[in-house]
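Working notes for the structure below.
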Amino acid sequence: MKNQIVVLITMVLFAINANCQETYLDVVINYTPTSMNFGSNNDALKDFKKGYWGLQAGASFQMGISDYFSLVPELYFVMKGTKLENNNPLTGQETRIRFNTLDFPVLARVHWKNFYLNAGPVLSYNLHGRVKTDANETLPGSKTRMKFGTGIDDYSRWDAGAQFGIGYEFQWKKSRLLLDMRYHYGMVDMGNGTAMYNRYFNMNLLLAKKWKTNPLSKAKRRDLTLWQEIDNQSSIDFN
């Protein structure tokens, strides 16, 4: 009975390893739109609010676990923000809000043929930010560098939330191109009480090269070797 259990586990490990999704390192270089949500003021600002196009650059690492599932940690720099047009009900003048941020999502990816679904948490660290206002008939213009902290005039250094979306994979021999459409839902008030949330939809193109070795497959091979040794030892003991 003991030997049968070991053989069964060995067969399962072989099956998982044989049907594992490929491992890829994706390069992320995009010019992508972002925007902000202003809580209870968002409806009043919808006719005045514009998105901000900024650089997104970094890497995405897909680690295959099974034929239909993979784990995808990512790290990239992204320029986020929004623009409020003149005479808006929040600031009364044209206002540009900018954040330079490091994003670290960890996504679960479910595959079906060339399509996939993404979902997972994201942690963000704000490196730098500024707020610029243009002068109008009643208000002077200004350009202010953001101070990060917990005070009433400070901005939050950290952001956290979730990302989810869908993608499509175009395959070549040793490379692939991903069309990735994703929504970023920020949950932290970046204005420390003024209701400013990073929430936006973006569409990315990711160029990927197949990784030589899958780190999860290495672990499975080590586990398989261990079970084989246990099986051999059990056979010796049994005889």
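The values are calculated or read from the model by the stated rules, or taken from the named source; none is laboratory data. Every value quoted in this text rests on a predicted model; they were computed, and no experiment measured them. In this analysis, Cβ positions are derived from the backbone assuming ideal geometry, glycine residues included, and neighbour counts consider all displayed protein chains.
Which of (1) modelled with pLDDT of 95 or more; (2) surrounded by 15 or more Cβ atoms within 10 Å (Cβ to Cβ) is the odd one out, the single condition G64 does not satisfy?
(1)
Would you call L90 in the same structural domain as T34 (by TED's automatic domain parsing) and in contact with a helix residue (DSSP H, G or I) (Cβ under 8 Å, 6 or more places away or on another chain)?
Yes, satisfied.
Out of all the residues in the range 112-122, is one or more in a loop (DSSP other than H, G, I, E, B) and either among the small types (G, A, S) or modelled with pLDDT under 95 (or both)?
Scanning the range 112-122, I find at least one residue that is in a loop (DSSP other than H, G, I, E, B) and either among the small types (G, A, S) or modelled with pLDDT under 95 (or both), so the answer is yes.
What about N118, is it within 19 Å of Q56 (Cα to Cα) and touching a His at 6+ places or on another chain (Cβ under 8 Å)?
Details: within 19 Å of Q56 (Cα to Cα): yes; touching a His at 6+ places or on another chain (Cβ under 8 Å): no.
No.
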